[in-house]
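Encoded as structure tokens, the structure appears first; notes follow it.
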Amino acid sequence: MAPSRRAFLAAAAATMAAACSNQATRSDASASTTPTHPVPSTTPTTAGRVGAHATNVNGKPAKVVFAGPRTRRQVALTFHLSGDPALASRLLDTAAQAGVPISLFAVGRWLAEHPALVQRILGDGHELDNHTWSHPVLGRLSGPAVAAEIRRCRAALTQATGSGGRYFRPSGMTRPTPLVLAEAGAAGYPLVVAYDVDPRDYTDPGADAVTARVTARLRPGSIVSLHTSHVGTITALAPILTTARVARATTGSVAATPSCHAERTLTSS
């Protein structure tokens, strides 16, 4: 079942602002490396997409979020969109069958090469956001080069969809640098979307391994990082969705504080 498009991470701003006022910014490593085994429940957790309207009108550096509120029994399935369009189509088929909206962080060059799939993504109700123009390791680039990657993808999104997208996810890094946050903000993105669940599906460990890695770490508020260009990920999506819909985290997990890196938030993915 689809989540409220303005509910998933809507409370993250207040949650994270309150948490950040009481503790120093910490790494998200503890959230991503401490497995949590879901407990079956009759009330399904909802898998969804990033979806709040967000426009950085003042050009200040972007904030970064690694997870949504742990008290919300929703998770975000986010995908790095590039590679084989046939695999992307299979992913969309699975999402459609499940009735689940997802967030797709698109490589701009891919958008320009596959306009028909772009229209299908939008028609199916999914979110399209910025994942740079050519997917470089941003940490190796100069400020102007980082800015060009973000802005060129924004232009491709605008040309393809009429919008530059709401959010940005950097390529080649798990934690955005101050330079990347500054350039994302200057390009009009108030929020950079990171993640707390990374099954490393891009290493092609196989569908069973991807499923196991995601479900072992999944808890309320999780943002899961996946990729459209790997067969194992596409095959794993259906069992991941099944787990997401029947999972309930332990009390300790629900009470866990998200990483304090965001003063404002998303809504859902």
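Do we have residue 216 as in contact with a Pro (Cβ under 6 Å, 6 or more places away or on another chain), closer than 30 Å to residue 98 by Cα and in a helix (DSSP H, G or I) here? Answer is yes for this residue.
When we screen 192, 146 for residues that are in contact with an Asp or Glu (Cβ under 7 Å, 6 or more places away or on another chain), open to solvent by less than 10 Å² (accessible area, probe 1.4 Å) and over 28 Å from residue 90 (Cβ atoms), the only hit is 146. In region 20-104, counting only strands (runs of 3 or more DSSP E) that sit wholly within it, the ones holding 3 or more residues that are touching a strand residue (DSSP E or B) at 6+ places or on another chain (Cβ under 9 Å) and modelled with pLDDT under 50 span 46-48. The single residue among 121, 102 that is touching a Leu at 6+ places or on another chain (Cβ under 7 Å), over 21 Å from residue 200 (Cα atoms), open to solvent by less than 10 Å² (accessible area, probe 1.4 Å) and not charged (D, E, K, R) turns out to be 121. Would you mind stating whether residue 215 is closer than 23 Å to residue 117 by Cβ, in contact with a strand residue (DSSP E or B) (Cβ under 8 Å, 6 or more places away or on another chain) and open to solvent by 10 Å² or more (accessible area, probe 1.4 Å)? Answer is no for this residue. Restricting attention to region 222-250 and to residues that are closer than 15 Å to residue 72 by Cβ and modelled with pLDDT under 75, the residue that is most open to solvent (accessible area, probe 1.4 Å) turns out to be 248. For region 155-165, the criterion of being surrounded by 20 or more Cβ atoms within 10 Å (Cβ to Cβ) and either out of contact with any Leu (no Cβ under 8 Å at 6 or more places or on another chain) or among the acidic types (Asp, Glu) (or both) is met by no residue.
The set of residues in region 124-143 that are open to solvent by less than 20 Å² (accessible area, probe 1.4 Å) and of a type in the set (D, E, K, R) comprises 127, 129. Just one of (1) over 30 Å from residue 178 (Cα atoms); (2) of a type in the set (S, T, N, Q); (3) open to solvent by less than 10 Å² (accessible area, probe 1.4 Å) fails for residue 78. It is (1).
The values are calculated or read from the model by the stated rules, or taken from the named source; none is laboratory data. Predicted, not measured: the structure shown is a model, and the values here were computed from it. No Cβ is skipped: glycine too gets one built from the backbone with ideal geometry, and neighbour counts run over all protein chains shown. Just so you know, the surface numbers come from the protein's heavy atoms only, side chains and all, with ligands and any DNA or RNA stripped out. Shrake-Rupley method; radii C 1.70, N 1.55, O 1.52, S 1.80 Å.
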